[in-house]
1. Can you give the charge dipole size of the protein assembly as shown about its Cα centre, rounded to the nearest 20 debye, using +1 on the beta carbon of Lys and Arg and -1 on the beta carbon of Asp and Glu?
2. Can you say what percent of the DSSP beta bridges in the protein assembly as shown, counting only those with both residues inside, are antiparallel? Round to 5.
3. With only Lys, Arg, Asp and Glu charged, each at its Cβ (+1 for the first two, -1 for the last two), find how big the charge dipole of the stretch B:209-307 is about the Cα centre; round to the nearest 20 debye.
4. If you line up the Cα atoms of the stretch B:188-232 on their principal axes, what length do they span on each, largest first, in Å?
5. What is the set of long-range amide H partners of B:Gly9 at a cut-off below 5 Å, with H atoms built 1.01 Å from backbone N?
6. How large, in percent, is the carbon and sulfur part of the accessible surface of chain B at a probe radius of 1.4 Å?
7. What accessible area per residue comes out for the stretch B:42-133, rounded to a whole number of Å², with a 1.4 Å probe?
8. Quick check: convex hull over the Cα atoms of the stretch B:156-261, volume per residue in Å³, rounded to an integer?
Amino acid sequence: MDNHNNRHPQPGMQTPHQVALADSDTCFKAEPEISVLVAMERAGQQLIPVGCRGGGCGKCRIRILQGDYFSKRMSRAWVSPEQEAGGTVLACRVYARGDLLIKPDPPEIAVSCHAADQPDQQNNKR
Amino acid sequence: MKKGVMRPGHIQLRVLDMEEALGHYRDLLGLIEVDRDDQGRVYLKGWTEVDKFSVVLREADQPGMDFVGYKVLNSEVLAQLEQALKDYGQDVEQIPAGELKGCGRRVRFDSPTGHMFEIYAEKEQTGKWGVEQVNPEAWPRDLTGMRATRFDHCLLYGPNIEGTAKLFQDVLGFDIAEQVIDDEGKRPALFLTVSQKAHDVAFIECPEPGKLHHASFLLETWEDVLRAADLISMTDTSLDIGPTRHGLTHGKTIYFFDPSGNRSEVFCGGDYHYPDHEPVTWTTDQLGKAIFYHDRALNDRFLTVLT
Ligand code: FES
Ligand SMILES: [Fe+2]
């Protein structure tokens, strides 16, 4: 049993692509069969916020400035058809098909009111 | 006071891709696929549930929850509660019998938190799946994945949870089983029950209306929760957090995401509630421990990732 949550192979393509961040000298390798977001996680990087990894929560929104990619359906709550046409995507739903140049574009997410006004974690007795 | 609402009966979830979603709900959680309809919706249930279905998946371009429905004792109760909802000032919509296959007429109503709820009295009873009605064996041998036994509850985020909780208490007869209180006496989290369970539905305050935090499914043992964690890794499923224990409800749990980003929980155990019990209270200065009893630290992803 394998529900293939993250897999999406590129036929005939085994070598990883390079994903570079605009305005920074960081980059990571992305296998064509895993999403750009999961590739970043596997590279041990924290360049894009990670949420659901399923195109639902919007946390991982990026803009792809250059390069070819394959994308799966993503929540219209975070990416309109016009935005998608302009390269705004959810990193967990796109798969590199060439080297990419990207820029994080996390949306303002109205968060749980009470996450913010917590006392400093350090003060909690452990 | 009890008003004739029995239990959570069904939840309709929006998914981006039906085949991927079935890989999650049917093959990984181990729910039984029981039917499909001409809108393309797929109906599933946990094997111990006696009614025909409890989970309905609908393909859409925005994940989340369409509605959650509660089953009431009979059609007289349904008519009474329908009137009570109108008198309380809710917008009430009639959904005819058969709109969901095998389900009787439903009364749908809105809520201050922006979620749609339903009550209904009748649903085709197909019995527990895979075991006989009489002299039933312990469990069916051909279950898959996590072998989830039933849809148990959901946790919903929205504004004015006090308003929705009051509606559930005053009109539908739910009790507050557990609550979180801050130092000004405000309650950012409320866990409500209509049974002896620690929660049949839960709410967390959030400015964004109508949000789903998770849909939860019951397992039998802690060993089953660990086995679920193994399956999550084996299938490369997106993990949120766990296996761990909650302070609130004391359930043993693991959280993960469906392929459309809706959060799922499988859990076992936890507190019980009788109508004479005072609500169990956690204070916000201990919120980390209230949510994850072992970590004792707040987890931003758990609190803010919603569909
Ligand atoms: S991580 Fe949730 S949309 Fe990508
Ligand atoms: Fe839960």
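1. On the way: 48 positive and 65 negative charges, 79 e Å.
So the magnitude is around 380 debye.
2. Values: 66 of 90 bridges.
Bridges in the protein assembly as shown are about 75 percent antiparallel.
3. Values: 8 positive and 14 negative charges, 49 e Å.
Dipole about the Cα centre, nearest 20: 240 debye.
4. Its Cα atoms span 36, 26, 15 Å along the three principal axes.
5. So B:Gly9 has HN proximity to B:Gly69, B:Tyr70, B:Lys71.
6. Values: 5590 of 11840 Å².
Carbon with sulfur: 47 percent of the solvent-accessible area.
7. Working: 3700 Å² over 92 residues.
Per-residue accessible area for the stretch B:42-133 comes out at 40 Å².
8. Details: hull volume 12.5 nm³, N = 106.
So the per-residue Cα hull volume is 118 Å³.
The values are calculated or read from the model by the stated rules, or taken from the named source; none is laboratory data. All values reported here derive from a predicted model rather than from experimental measurement. Using ideal geometry, Cβ is built from the backbone for each residue, glycine included, and neighbour counts are taken over all protein chains shown. What goes into the accessible areas is simple: the full protein's heavy atoms, side chains included, and nothing from ligands, DNA or RNA. Shrake-Rupley method; radii C 1.70, N 1.55, O 1.52, S 1.80 Å.
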